[in-house]
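Working notes, beginning with the structure itself.
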Amino acid sequence: MPTNQETHSPETEHSGSPGHKSPPSVTARLAPIFSNQQTILLLVLVGMVILFSVLNPVFFSTDVFGNILLDWGPIALIAVAETFVVISGGIDLSVGATLGFSGVMAAYAMQAMTGAGLPDALTILLGTLAASAVGIGVGLINSLLINRAHLVPFIATLATLGAAGGMSIVLTGGAPIGNGPPSAIALSVPWLGPLSWPGIVVVVIVVITGLYLHKSRFGRYTYAIGSNPFAALAAGINVKRQITKIYALSGFLSGLAGMFLYLRLASGAPTSGAGNELDAIAAVVIGGVALSGGVGRMSGTVLGSLILATVTSGLIIIGVEPNWKQVVVAILIAAAVSLQALRSKGRTS
Amino acid sequence: MTDSPLYEVRNISKSYGSVIALDNVSLQVHAGEVLGLVGDNGAGKSTLVKALSGAHLPDSGEILLDGVPRRWKSPHDALESGIETLYQDSSLASHLSVASNVFLGREVLMPGILGRLGFLAQKKMDVEAHADLERVGIAVPASNRPVAQLSGGQRQAVAIGRAVSWARKVIILDEPTNHLGARQAKEVLQVIRAAKAKGLGVIFISHTLPHILEVTDRVVVLRLGQVVQDAPTSSFTVDTLLGTITGLIVAPPPPGA
């Protein structure tokens, strides 16, 4: 099998890089999976864990890690959603509002089912389906606004952010919706080290969506549209259909995030998720996804969202005023983006 | 060359608002024929290319492939029917690798259940893309390199290689020698001759008139959205062709217009 095409390819006098003629080393092969940026992010994450643990040894415990992962779960889901959307050259501002809205709608559904005497397991399963369906619904509205009404994604999803967020408040009068399955909250107790059942589901989803982003045709089309929408269309890709799928996926994952939060709080709170779209965007940007589209990796998003969750908990545990989190996140975003700019500059020169 | 045209447009028009980009344009290309399409900037070449490739639907007129009227709703329809187009300004996704671009829209999936789930046979595509580009015979970059890392010439090679290796009936090349050095431009002309020899209908758009005269069988001159001349290449010199393009030489209306 010809595994190394470089060695027998005649290069023209115009090709400026003689370095790629040698067989790719192990690190070169691993580079697409674990690029330089990911290594830096991992070091930042490990450094943060060490720093927080030194400043307050309580930090380094399964309990704290369990809590961090519970904070991380819903943010990770909407950050994964945002990864697909941003790589396709769009943006989804509605992920946080969708999280809250689908949580509320699922809470109503589960309240009714519990009232009707359905078993908890079935109620939670149906509640999850309800949350997903509501999320997919918002995603489809986003795609209609983009594909049919020709709104730019920023405006389309700003509209659904307002609509979903507003409806959550109107429907509930601002109060959380409880009285669901009594055993729901027990699901969020970590049992596999720091992982709870919903946490395990999130990890599985991250792995599957990561494989889909990098190894499937769906992922390939996502990158192609973000890289050059005209090229994607000219290559025969149904760009509008792919965009519909991407926003529906984003809505679905936001709906699941709403259910995750419901299980943690045992209620659907109308204001939960408000502002979380900024966490999702921060996570993907820190993780190396370019807002201009076509660039990014799922591993970056995972590390970016873990860094966010770690900063949030860590600052509280070492006794820093929690509002400093915003400042730290801002610095991380600026550092991550300028790092990318420097690297891409180095590549082209 | 056969008598009935392989690919034909009859009386197509296209307006953008009050701007008439194409006004009652007709042209034909036969199997094994290279048709040169020339015209000044704004003559309507790019609009015509987009109508031929399915990227734009003309307002009126007919498009016929093998004598059968067709209506392209998207480039996908034209590609399915064997019509490949190389657009001006490279129609590549620069963040994707060479092989991913060659197979864009026509990905090979893994066998079995993984393929059914949409997973890509990337290794197979890498190997085949390399072979395809090598067969076309122009500067072949490594399959797994992102297109963004290639030189202008290499990018153009990838785009041409993709179009040539997939074309089954017609290949439309819009300014394929742009951004190329003299030697690479010669290679592109060689690729055009090879496509002709394979029996493809080739539509070659260029501003470089010596290239047009060197490789085409017939030339269609567009001016202000209209066909002003459609004649065998042998009837032109660079000067008369240039004169027709700029309107200094007023050609007799083409037969049948």
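Quick look at the values:
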read-out: Search result, residues across segment A:251-281 that are over 18 Å from A:ALA309 (Cβ atoms) and part of a helix (DSSP H, G or I); value: A:GLY251, A:PHE252, A:GLY255, A:MET259, A:TYR262
read-out: Segment B:128-146: number of residues that are in a helix (DSSP H, G or I), more than 8 Å from every other protein chain (Cβ to nearest Cβ) and touching a helix residue (DSSP H, G or I) at 6+ places or on another chain (Cβ under 6 Å); value: 4
read-out: Failed condition for B:THR244, given (1) in contact with a Pro (Cβ under 8 Å, 6 or more places away or on another chain); (2) assigned to a helix (DSSP H, G or I); value: (1)
read-out: Test: residue in segment A:295-315 that is touching a residue at least 40 places away in the same chain (Cβ under 8 Å), closer than 22 Å to A:GLY210 by Cα, within 14 Å of chain B (Cβ to nearest Cβ) and in a helix (DSSP H, G or I); value: no
read-out: Residue, surrounded by the most Cβ atoms within 10 Å (Cβ to Cβ), within segment B:82-106, restricted to residues that are assigned to a loop (DSSP other than H, G, I, E, B) and in contact with a Gly (Cβ under 9 Å, 6 or more places away or on another chain); value: B:ALA93
read-out: The lone exception for B:SER165 - which of (1) within 14 Å of chain A (Cβ to nearest Cβ); (2) polar (S, T, N, Q); (3) over 26 Å from B:MET110 (Cβ atoms) it fails; value: (3)
read-out: Test: B:LEU37 is under 21 Å from the mean Cα position of the chain (by Cα), within 13 Å of chain A (Cβ to nearest Cβ) and surrounded by 22 or more Cβ atoms within 10 Å (Cβ to Cβ); value: no
read-out: Test set (1) under 21 Å from the mean Cα position of the chain (by Cα); (2) more than 8 Å from chain A (Cβ to nearest Cβ); (3) not polar (S, T, N, Q) - B:GLY112 fails condition number; value: (1)
read-out: Selected residue (criterion: farthest from the other protein chains (Cβ to nearest Cβ)) from residues of segment B:147-162 that are of a type in the set (A, V, I, L, M) and in a helix (DSSP H, G or I); value: B:ILE160
read-out: Qualifying positions in segment A:311-349 - at pLDDT below 85 and within 23 Å of A:ILE68 (Cα to Cα); value: A:PRO322
read-out: Inter-residue pairs, beta-carbon under 9 Å, first touching a residue at least 24 places away in the same chain (Cβ under 8 Å) and among the hydroxyl-bearing types (Ser, Thr, Tyr) and in segment B:107-127, second assigned to a helix (DSSP H, G or I) and surrounded by fewer than 17 Cβ atoms within 10 Å (Cβ to Cβ), 6+ apart; value: none
read-out: Residue within segment A:290-302 that is within 15 Å of A:PRO74 (Cβ to Cβ) and under 14 Å from the mean Cα position of the chain (by Cα) present; value: yes
read-out: Check on A:ARG241, more than 9 Å from every other protein chain (Cβ to nearest Cβ), among the basic types (Lys, Arg) and either crowded, with 20+ Cβ neighbours inside 10 Å or out of contact with any Gly (no Cβ under 8 Å at 6 or more places or on another chain) (or both); value: yes
read-out: Matching entry among A:ALA269, A:ALA257 (being buried (at least 24 other Cβ atoms within 10 Å of the Cβ) and either farther than 30 Å from B:HIS76 by Cα or polar (S, T, N, Q) (or both)); value: A:ALA257
read-out: Matching residues in segment B:122-143 - criterion: being of a type in the set (Gly, Ala, Ser) and either surrounded by fewer than 17 Cβ atoms within 10 Å (Cβ to Cβ) or within 21 Å of B:ALA194 (Cβ to Cβ) (or both); value: B:ALA129, B:ALA131, B:GLY137, B:ALA139
read-out: Some residue of segment A:289-304 being closer than 24 Å to A:GLY174 by Cβ and of a type in the set (Ser, Thr, Tyr); value: no
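Residues are listed down the side, and each one gets a yes or a no for (1) part of a loop (DSSP other than H, G, I, E, B); (2) exposed (fewer than 15 other Cβ atoms within 10 Å of the Cβ); (3) within 14 Å of chain B (Cβ to nearest Cβ):
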position	(1), (2), (3)
A:ALA164	no, no, no
A:PRO182	yes, yes, no
A:VAL206	no, no, no
A:HIS214	no, no, yes
A:ILE237	yes, no, yes
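The values are calculated or read from the model by the stated rules, or taken from the named source; none is laboratory data. The structure presented is a predicted model; accordingly, all values stated were derived computationally and were not measured. Cβ: placed from backbone, ideal geometry, glycine included. Neighbour counts: every protein chain shown.
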